[in-house]
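Novice: Right, I'll just put the structure down here and ask away after.
The values are calculated or read from the model by the stated rules, or taken from the named source; none is laboratory data. All figures in this text were calculated on a predicted structure; none of them were measured in a lab. When we count neighbours, we look across all protein chains shown, and the Cβ atoms used for this are built from the backbone with ideal geometry, even at glycine.
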Amino acid sequence: MNSALPRILSVGTSNPPNRYSQQDILDLFRVANPAVRSMFGASHIKGRHLVLPEPDENGVPSEDQEELLIKHRTWSLRLAREAIGKALDPHKLKPEDIDYLCCITSTGLMLPGLTAMFIKHLGFRVDCQRTDIVGMGCNAGLNGLNPVSGWCTANPGQNALMICCEVNSALYIYDDTIGTGVVNSLFGDGCAAVLVRSEVQDDTLAPSILGFNSHIIPDAWGAMRYNWSTDHGKFSFYLDRDVPYVLGLHTETPVDGLLTKHGLKRRDIDHWIIHSGGKKVIDAIKYNIGITEHDVRHTVGVLRHFGNLGSGSFLFSYKRLIEEGLVKRGDRGVMMTMGPGSTIETALLSW
C-alpha cells in the first residue's frame with residue numbers, strides 16, 4: 001500500500017482495582033431470588049472490576065442518582081489517565097501531542113463532556129480538536145473509530161486518540177427482579193484508549209483501517225434502552241432477553257456488505273474481534289456467520305475476566321490478539337460491535 005491509510009498504532013486499557021466474583025456480588029447485595037442467583041452462575045463470567053459503594057445502614061450498597069453521576073465523572077478521569085498513558089507511552093507521546101480527541105461513553109451524562117474534562121485535567125492542548133459521542137451504547141466504539149479514521153485520512157501524520165470510558169456500575173439499581181439481574185450479572189467497568197494516525201504502511205504490524213459498514217434493526221429499537229425508575233429514583237438499563245437471537249439473525253448483512261466492498265469472502269478473514277456482549281450473543285454471532293470457538297477466543301476471554309465492558313470491549317479483545325503475537329503481515333481482520341438501536345457495526349483491518 002503506497003497511500004497513507006489510518007492505522008491503529010496502539011491500545012491501552014484500564015480497570016478499577018476492585019474485582020468481584022459473581023458470588024461476591026450476590027452476597028454483597030443479598031440477592032435471594034433463586035432465578036437471579038442462577039443467572040449469575042450461568043453467565044460464563046468469572047469476575048468483574050467494579051466501583052461499588054459501601055453498604056448503607058441496612059447493610060446493602062446504595063447510591064442515589066447524584067452519587068452515580070459523580071462516580072462516573074470521577075472514575076472516568078482515573079481510568080482514562082491510566083489507559084491514555086498505556087496507549088501513548090510505547091510511542092513516546094504525551095497528551096499534548098494529540099491533535100484530535102474523541103471520547104465515548106454511555107454510562108453518565110455530562111455537560112461539558114469528557115473531552116473538555118480531559119483537556120482540563122490530563123494535559124491535552126486547548127486547541128485539540130474534539131468530539132464527544134454519548135448514549136450510543138456498546139456499539140459506539142466503532143461509531144467513534146469511523147470519524148476518527150476519517151479525520152486521520154484528512155490530516156495525515158497527525159495523532160488522533162479515541163477513548164471509550166464506561167463506568168457501568170454507575171447505572172446499577174439494586175433489587176431482586178429478573179430484569180435487574182440480567183444487567184447486574186453482565187456489565188463491568190473499564191476504559192480503552194486507541195491511538196490512530198494515517199501513514200504509509202511500513203514494517204511495523206500496525207493494521208490499516210480499510211473501511212466500515214453499519215446495520216440498524218429498527219424493529220428492535222426498544223430492545224436495549226435506558227428507563228427512568230420511579231421506584232429507585234434513578235436511571236436503569238433494560239436488556240430484552242431476545243437480543244442475542246435478533247443480533248445473530250442480522251449479523252450476516254453488515255459483515256457480508258463490508259467484505260463485498262473489498263472483494264472478500266468470510267474465509268479470507270484471519271481474525272475476528274467481536275464485542276463481548278454476553279455468551280448467548282457471542283454464540284449467536286458465531287453460529288450465524290460460521291466462525292469457530294478459536295475465532296472468538298479473545299472475546300470470550302474478555303467476557304470471562306471482565307464482563308461486558310460496553311463500548312471499549314472490542315479494544316480489550318484487540319489488545320489480547322496483538323499480545324498473543326500470532327498476527328502476521330497480510331492478515332485481515334473484522335471488528336464487530338453491537339448495541340442499542342439495535343445496531344451492528346463492522347470494520348475491516350489489514351496488516
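Novice: For the stretch 168-185, check the following and say yes or no: at least one residue is in contact (Cβ under 8 Å) with a residue 60 or more places away in the chain, outside any loop (DSSP other than H, G, I, E, B), closer than 23 Å to ILE322 by Cα and not basic (Lys, Arg).
Specialist: no
Novice: I would also like to ask the following. Which residue, of ASN184, ASN155, is under 22 Å from the mean Cα position of the chain (by Cα) and either crowded, with 19+ Cβ neighbours inside 10 Å or modelled with pLDDT of 90 or more (or both)?
Specialist: Matching residue, one of ASN184, ASN155: ASN184.
Novice: Only residues that are surrounded by 17 or more Cβ atoms within 10 Å (Cβ to Cβ) and over 20 Å from THR253 (Cβ atoms): list them for the stretch 272-297, please.
Specialist: Once the filter is applied, which keeps residues that are surrounded by 17 or more Cβ atoms within 10 Å (Cβ to Cβ) and over 20 Å from THR253 (Cβ atoms), the stretch 272-297 yields SER276, GLY278, LYS279.
Novice: In this structure, does ILE285 turn out to be touching a Lys or Arg at 6+ places or on another chain (Cβ under 7 Å), within 17 Å of ILE344 (Cα to Cα) and modelled with pLDDT of 95 or more?
Specialist: So ILE285 fails the test.
Novice: For the stretch 28-49, name all the residues that are within 18 Å of ILE173 (Cβ to Cβ) and not small (Gly, Ala, Ser).
Specialist: LEU28, PHE29, ARG30, VAL31, ASN33, VAL36, ARG37, MET39, PHE40, ARG48
Novice: Picking from ASP256, ASP242, ASP268, ASP295, which residue would you name as being among the acidic types (Asp, Glu) and at pLDDT below 95?
Specialist: ASP242
Novice: If I ask for residues that are surrounded by 24 or more Cβ atoms within 10 Å (Cβ to Cβ) and of a type in the set (Ser, Thr, Tyr), which ones from the stretch 74-122 would you list?
Specialist: If the condition is that a residue be surrounded by 24 or more Cβ atoms within 10 Å (Cβ to Cβ) and of a type in the set (Ser, Thr, Tyr), then SER76, THR105, SER106, THR107 are the ones that fit.
Novice: Ok, one more. Filter the stretch 201-210 down to the residues that are of a type outside the set (A, V, I, L, M, F, W, C) and surrounded by fewer than 17 Cβ atoms within 10 Å (Cβ to Cβ), then identify the one that is nearest to CYS138 (Cα to Cα).
Specialist: Restricting to residues being of a type outside the set (A, V, I, L, M, F, W, C) and surrounded by fewer than 17 Cβ atoms within 10 Å (Cβ to Cβ), the top hit is THR204.
Novice: Every residue in the stretch 298-308 that is under 21 Å from ARG241 (Cα atoms) and either out of contact with any strand residue (DSSP E or B) (no Cβ under 8 Å at 6 or more places or on another chain) or surrounded by fewer than 21 Cβ atoms within 10 Å (Cβ to Cβ) (or both), please.
Specialist: Once the filter is applied, which keeps residues that are under 21 Å from ARG241 (Cα atoms) and either out of contact with any strand residue (DSSP E or B) (no Cβ under 8 Å at 6 or more places or on another chain) or surrounded by fewer than 21 Cβ atoms within 10 Å (Cβ to Cβ) (or both), the stretch 298-308 yields VAL300, LEU303, ARG304.
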